[in-house]
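Worksheet: one structure, shown below.
The values are calculated or read from the model by the stated rules, or taken from the named source; none is laboratory data. Just so it is clear, the structure is predicted and the values come from calculations on it, not from any experiment. Using ideal geometry, Cβ is built from the backbone for each residue, glycine included, and neighbour counts are taken over all protein chains shown.
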Amino acid sequence: MANYKPVAKYILAASTHQGTIFPANLSTVPWSMLILLGTARHNASILPSGGVLVWENHTTASGYTPNHETFGDVHGRYGVTVRSDVDLVIKYFGK
């Protein structure tokens, strides 16, 4: 099944159209995506309830804002949708 990335529609000064019908056709472009699922562990211990940050197209996370943020549950499980065909750096922040 194909995945599609929404294309943003910008409307300048939307307040000037108040009370009128304003057509805004939306479209998409093909986007290759995957679901990254994992469990945070350290040795044999599960790391519960932490934050997960994902960087795309970087070999290090230093100095860059993450592209994706999510959280692990009480069992350390997490999931996040990311683009495919890109390098990923994944970091888990827990207690």
| field | Hits in the stretch 24-45 (condition: among the polar types (S, T, N, Q) and either under 30 Å from Arg83 (Cβ atoms) or modelled with pLDDT under 90 (or both)) | value | Asn25, Ser27, Thr28, Ser32, Thr39
| All positions within the stretch 37-59 that are exposed (fewer than 14 other Cβ atoms within 10 Å of the Cβ) and assigned to a loop (DSSP other than H, G, I, E, B) | Asn43, Ala44, Ser49, Asn57, Thr59
| Here are Leu12, Leu34: which of them is of a type in the set (A, V, I, L, M, F, W, C) and assigned to a strand (DSSP E or B)? | Leu34
| Unique residue being without any contact (Cβ under 8 Å) to a residue 40 or more places away in the chain and among the hydroxyl-bearing types (Ser, Thr, Tyr) when the list is Tyr92, Tyr64 | Tyr64
| Assuming Ile21 fulfils every condition listed in (1) assigned to a loop (DSSP other than H, G, I, E, B); (2) modelled with pLDDT of 85 or more apart from one, which condition is it? | (2)
